[in-house]
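Since every read-out is calculated from the coordinates, none of them should be taken as a lab result. These figures come from a predicted structure and were not determined experimentally. Cβ sites come from the backbone with ideal geometry, for glycine too, and all protein chains shown count toward neighbours.
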Amino acid sequence: MRPPNGESPKVLEVDRLSVHYATDRGAVIAANDVSFFLREGEILGLVGESGCGKTTVAMAILRMVQSPGKIVSGQVRINGRDIVSLSEQQLRQIRWCELALIPQGAMNSLNPVTKIKEQIGDAITAHESMDPTALRRRILDLLDDVGLPERVYNMYPHELSGGMKQRVCIAMAIALNPQVIIADEPTSALDVVVQRVVAQTLLDVTSRLGVSMLMIGHDMGLQAQMVDRVAVMYAGNLVEVAPVDAIFDRPCHPYTRLLIESIPSIEERKPLRVTEGLTHDLRNPPPGCIFQYRCRDCDAECRSERPQLIEVAEDHYVACLASQEKAT
Ligand SMILES: Nc1ncnc2c1ncn2[C@@H]1O[C@H](COP(=O)(O)OP(=O)(O)O)[C@@H](O)[C@H]1O
Ligand SMILES: [Mg+2]
């Protein structure tokens, strides 16, 4: 199915999505005017430091943002239909069947007193009726798809390693043949060695099924080896979106460059880059560019004008006034 190209249809489109959390001291702007799309069969990585709004975007796409969070504006379209305006009933049909989530920390949310066969079985029968023999076959096939032995069928989560539990979560996500999977830091809680194997399973399975995936992570190095395009997020805003080669060969946004420079390398021992300045309080974004406090190239214009995400080269979008000027 892969590789997708610029001609592949867009299965998921996020359009100017904003999500706020109401607090006593004002609204936390966790996602601000976020726009991106996912093509059929493609893997898009969403990266950025902890607290920048990645999980918020994932939850908003499924309309599962928890109170006091609220989608304040924007659209999320799957196959052209806007999820934000659907009824709960219509949403239930879309979740899992068209759009599945592997939530952050998924493996720890498996029910400890329920066998794996029941957990996967419940996910299936909540949407599809199936006779017990067909259901058993389907669950065993799913376990096989994610590289788990048959005996896992009758086991409890506590009998499995972290990597095996995460595979169960992948099996649940693909159980109803969704078109899109949103995987929120699917390997972050695992040991480094297991991380790669589980990530590879996720890639193999989605590629075989032709599923598109939004893969959330904070590790730019790991993402580089897995995704087709990268979307970089900073303080609730997308700052750069581009094919993975372009992101690494020609990063435009200073924050993207910083993320790349901070990937450790064995060949080249380099001093760790210290980043000066702090991220602003998400309740009080400054006028102008959101990265201004940490940017070495910030000028007066950057402090007054908020850059929009603009296409500066084919399929390469950036929200930085200096980079946009250079490109024109
Ligand atoms: N329930 C909440 N109330 C207030 N602020 C929240 C709540 N949940 C998340 N936030 C804030 O929203 C921002 C984005 O959080 P999150 O989406 O979890 O980021 P990430 O997944 O990138 O680590 C953070 O600054 C966080 O503090
Ligand atoms: Mg998160």
Quiz item: Arranged by the count of other C-beta atoms within 10 angstrom, fewest first, what order do His158, His218, His253 take?
Solution: His158, His218, His253
Quiz item: Counting only DSSP beta bridges with both residues in the chain, what percent are antiparallel, rounded to the nearest 5?
Solution: 60 percent
Practice problem: Rounded to the nearest 10 degrees, what's the angle between the helix 192-209 long axis and the longest principal axis of the chain, both from Cα atoms, 0 to 90? | Solution: 80 degrees
Quiz item: Taking the Cα centre of each part, how many Å lie between the stretch 14-62 and the stretch 149-214?
Solution: 23 Å
Quiz item: Per the Cauchy relation, a quarter of the hull surface: what is the mean projected area of the convex hull of the alpha carbons in the stretch 108-219, in nm²?
Solution: 6.8 nm²
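Using packing as a proxy for protection, rank 88-94, 187-193 so that the peptide with the highest average count of other Cβ atoms within 10 Å comes first. All intermediate terms of the calculation are to be shown ahead of the outcome.
Details: 88-94: 12.0, 187-193: 15.0.
My ranking of the peptides, most packed first, is 187-193, 88-94.
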Exercise. Quick one: angle between helix 132-145 and the longest Cα principal axis of the chain, in degrees between 0 and 90, rounded to 10, please.
Key: 40 degrees
Quiz item: Can you give the three extents of the C-alpha atoms in the chain along their principal axes, from longest to shortest, in whole Å?
Solution: 68, 51, 44
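For the chain, what does the helix formula give at 222 nm: sum of -39500 (n - 2.57) over DSSP H segments with n ≥ 4, over the residue count, nearest 500 deg cm²/dmol? List each step's numbers first, then the result.
Details: 11 runs with 101 residues, N = 328.
That comes out to -9000 deg cm²/dmol.
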Self-check item: Neighbourhood charge, 10 Å Cβ-Cβ cut-off, centred on Gln179 and excluding it, Lys, Arg +1 and Asp, Glu -1
Solution: -2
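Give the peptides 220-228, 31-39, 79-87 in descending order of average Cβ contacts within 10 Å, highest first. Display every interim value, and only then the final one.
Numbers: 220-228: 18.8, 31-39: 21.6, 79-87: 13.4.
In decreasing order of mean packing, 220-228, 31-39, 79-87 become 31-39, 220-228, 79-87.
How many Lys pairs in the chain lie less than 24 angstrom apart by Cα atoms, where the lysines are 8 or more positions apart or on different chains? Before the final figure, lay out each step's value.
On the way: Lys10/Lys54; Lys54/Lys70; Lys54/Lys165; Lys115/Lys165; Lys117/Lys165.
Here the count comes out as 5.
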Self-check item: For the stretch 1-93: relative contact order, % (alpha-carbon pairs under 8 angstrom, 6 or more apart)
Solution: 36 percent
Self-check item: Tilt relative to the chain, helix 162-174 - C-alpha long axis, 0 to 90 degrees, to 10
Solution: 90 degrees
